[in-house]
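Here is the structure we will look at, set down as structure tokens.
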Amino acid sequence: MRTLLFAAFLFFSLPGIPGENTEQRIRQLEEKLRCLVCQNQSLADSNAELAGDLRKQVRDQVAAGRSDEEIVGYLVQRYGDFVLYEPPFKATTALLWLGPFLLFAAAAGFLLLAVRRRRNAPEELALGPDDKRLVERVLGPEKKSGGAP
């Protein structure tokens with residue numbers, strides 16, 4: 001009976017199937033990494049040949065016992081920060097992080113400037129008598145509207 005209880009204790013206290021955890025870990029790593037060919041897909045989602053090669057590298061390194069940080073560090077060293085979906089904020093990636101905000105601020109500034117210019121623009125001046133005569137000479141007399149021709 002003790003043997004049966006001990007076996008049950010061991011069975012329920014184990015963390016799970018090792019292969020299942022490894023596959024989940026590999027999938028999580030592949031989701032963190034960008035396909036260098038597709039650029040808008042993760043390694044896990046890409047069908048590109050290079051993505052397949054990178055997935056194989058990830059699997060080989062997991063099998064070799066490397067940590068997630070070591071694997072990601074190796075790929076970043078080899079391919080640069082672009083391989084990460086969430087690159088770190090540093091001097092070389094500052095434009096990547098701040099770019100959208102800078103573009104939005106510039107667009108808002110241009111819109112504000114255009115609205116102010118339109119508001120402050122002088123109203124169209126009415127023609128004086130000399131100008132009206134000149135226009136009538138060039139275009140012909142003004143036709144009055146209203147009533148029958």
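Every number in this text was worked out from the coordinates using simple rules, so none of it is lab data. Not measured: the values here are computed from a predicted model. Cβ placement follows ideal geometry from the backbone for every residue including glycine, while neighbour counts extend to all protein chains displayed.
Annotations
- Highest-first packing order for the peptide set 47-56, 104-113 is 47-56, 104-113, based on the mean count of other beta carbon atoms within 10 Å.
- Summing Lys and Arg as +1 and Asp and Glu as -1 over all other residues whose Cβ lies under 12 Å from the Cβ of D53 gives a net charge of +2.
- Segments 119-131, 62-74 sorted - mean Cβ within 10 Å per residue, highest first: 62-74, 119-131
- Listed by chain and number, the aspartates and glutamates whose C-alpha is less than 16 Å from the C-alpha of K90, apart from same-chain residues fewer than 8 away, are D81.
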